[in-house]
1. For Arg127, Arg69, Arg167, what's the largest-to-smallest order of accessible area, 1.4 Å probe?
2. With the crude spin-label approximation of a point 7 Å out along Cα→Cβ, what separation in nm comes out for Lys184 versus Leu255?
3. Could you give the length gained on full extension between Met287 and Lys269, defined as 0.36 nm per residue of separation minus the Cα-Cα distance, in nm?
4. Just to confirm a number: summing +1 for Lys and Arg and -1 for Asp and Glu over residues other than Leu8 whose beta-carbon lies under 9 angstrom from that of Leu8, what do you get?
5. Considering only protein heavy atoms, what is the solvent-accessible area of Trp179 at a probe of 1.4 Å, reported in Å² to the nearest 10?
6. Scan (1) 116, 51, 46; (2) 57, 43, 41; (3) 65, 56, 42 for the value of Cα extents along the principal axes in Å calculated from this model and give just the label.
7. Rounded, prolate or oblate: which fits the stretch 1-97 when a ≥ b ≥ c are the square roots of the eigenvalues of the alpha-carbon gyration tensor, with rounded for a/c under 1.5 and prolate only if a/b beats b/c?
8. For the stretch 210-218, what does the Karplus curve 6.51 cos²θ - 1.76 cosθ + 1.60, with θ = phi - 60°, yield as ³J(HN,Hα) per residue in whole Hz, taken in order and with x for Gly and Pro?
Amino acid sequence: MAKLKVGLMGYGFMGKAHAACYCASKKGEVVAIWDANPALLDPKAQAGGNLPTGPLTLDWKKLKTYTDRDAKKFFADPDIDMVDICLPTPMHMKFVRAAAKAGKHILSEKPICLNSKEAEETLKIVRKAGVKWMVAQCVRFWPEYDFLKKIVDSKKLGKLITLSLRRVAATPGWGQKNWILKGKLSGGALFDLSVHDTDYAYYLLGMPKKVRAAGRKDLVTGAYDVIYAQLIYDKPVVNIESQWVMTNGFQMYYLATFEKGVVEFDCAKPKDALTLTEGAKVSHPKMQATTGWNLEIEYFLDCVQKGKDPKLCMPESSIASLKIAEAEVKAANTGKTVRP
């Protein structure tokens, strides 16, 4: 089957991370890149980030590049089958709608946006256009998190009792014009960082009945850059912590306790990051040497090639996760328990 031809929007940190995935893929290839900042369309341009990306082997002599502000020329390119949107959050819905109207399939970065009503209106446009759309909720695909999903679904260790999810990082300084550090644009750590774990909890357990939250929004962006949230289900107990105030480094971590064992993951450990405890037996399962970025992109490419909906990550589920994040903001603002 021929490779899908991908038009990449945005060539900062996430754009480079996604580009590296296509470089390693047998299902898709980047044929065009759009960025309103011409300086980023330089093969030597650097981008920051909190995780390493794969090697970039793009052939810049063959690549088409676009810098037109409205991206009309980019969307009119007949060689592009699919658009991958790695732009600042406020631009997601505008270009998802434009891509849909141009008949292009769409992978867009998380969070889906900052307003669930806007996301729902955009979904109507995508459905009318008849194209595939998936939001890049990479944690659903990250090997260690997929491992936990399988443990929960199989009930291998019995029922899940508690789940703690932690994601902490240094203040991100790599966004163009520091857009990430402006809470009205990024939503702060709650929407840009914590949303990974909020979405993962939804993926595992569905919509919580209620949400409690507390945090600080006077530290970096003016939005919640420290957030502690509790998602209330009948069972289990789910706690989420996210912070953008470390001096350096990055940690994604979970601790899941079951009736018959424990699963723990800490990306900060140089080895044996994943620990499985079954009674008295302790092991360190080895995971596939890849990233959630690679796996989500391969999955979506496969769905598009086969004309299937991305059932593992439908846009409706990303909207549901966004509604939980909105409830976390309301709970933190009011000090009350709220329904998402």
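1. Numbers: Arg127 105, Arg69 180, Arg167 5 Å².
Ranked list, largest accessible area first: Arg69, Arg127, Arg167.
2. Taking the two extended label points, one gets 4.0 nm.
3. Values: separation 18, 0.36 × 18 = 6.48 nm, distance 1.41 nm.
Using 0.36 nm per residue and subtracting the Cα-Cα distance, I get 5.1 nm.
4. Within the 9 Å Cβ shell, the charges total -2.
5. Roughly 40 Å² of Trp179 is accessible to a 1.4 Å probe.
6. It is the value labelled (2).
7. The shape class here is rounded.
8. So the Karplus estimates, Gly and Pro as x, are 8, 9, 10, 7, 8, x, 10, 10, 10 Hz.
The values are calculated or read from the model by the stated rules, or taken from the named source; none is laboratory data. Keep in mind that what you see is a predicted model, and the values were worked out from it rather than measured. Cβ: placed from backbone, ideal geometry, glycine included. Neighbour counts: every protein chain shown. Ligands, DNA and RNA are stripped out before the accessible areas are found, and what is left, the full protein with its side chains, is counted by its heavy atoms. Shrake-Rupley method; radii C 1.70, N 1.55, O 1.52, S 1.80 Å.
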